[in-house]
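The values are calculated or read from the model by the stated rules, or taken from the named source; none is laboratory data. What you are looking at is a predicted structure, and each value in this text was computed from that prediction instead of being measured. Cβ atoms come from the backbone with ideal geometry, glycine included; neighbour counts cover every protein chain shown.
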Amino acid sequence: MPVYRILTGPDDASFCQRVSEATGLGDELHEGPAVTFNGESVIVARALVWPARS
């Protein structure tokens with residue numbers, strides 16, 4: 001898995017499912033989401049990080 005990645009897409013059930021799957025695999029949410037409006041729908045960007053091994 002990448003150490004850092006960003007998921008983007010419309011703020012819908014599909015996007016929420018992608019984030020849920022990533023956290024279920026071990027990714028952790030990083031900071032807060034970025035949100036914008038493209039004139040038709042809300043677009044979200046969500047950063048995820050792979051936890052550091054200790």
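Just a few scattered comments:
- Residue that is surrounded by the fewest Cβ atoms within 10 Å (Cβ to Cβ) [pool: residues in the stretch 26-37 that are assigned to a loop (DSSP other than H, G, I, E, B) and small (Gly, Ala, Ser)]: GLY32
- For the stretch 13-32, the tally of residues that are at negative phi, without any contact (Cβ under 8 Å) to a residue 24 or more places away in the chain and not aliphatic (A, V, I, L, M) stands at 9.
- Qualifying residue in the stretch 38-49 (condition: free of Cβ contacts under 8 Å to residues at least 12 places away in the same chain and part of a helix (DSSP H, G or I)): no
- For the stretch 28-54, filtering for residues that are of a type in the set (Ser, Thr, Tyr) and in contact with a His (Cβ under 9 Å, 6 or more places away or on another chain) leaves 0.
- Breaking point among (1) under 13 Å from the mean Cα position of the chain (by Cα); (2) in contact (Cβ under 8 Å) with a residue 40 or more places away in the chain, for VAL3: (1)
Yes or no, residue by residue, for (1) modelled with pLDDT of 95 or more; (2) in contact with a Cys (Cβ under 9 Å, 6 or more places away or on another chain); (3) surrounded by 11 or more Cβ atoms within 10 Å (Cβ to Cβ):
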| residue | (1), (2), (3) |
| --- | --- |
| PRO2 | no, no, no |
| ASP12 | yes, no, yes |
| VAL19 | yes, no, yes |
| GLY24 | yes, no, no |
| ILE43 | yes, no, yes |
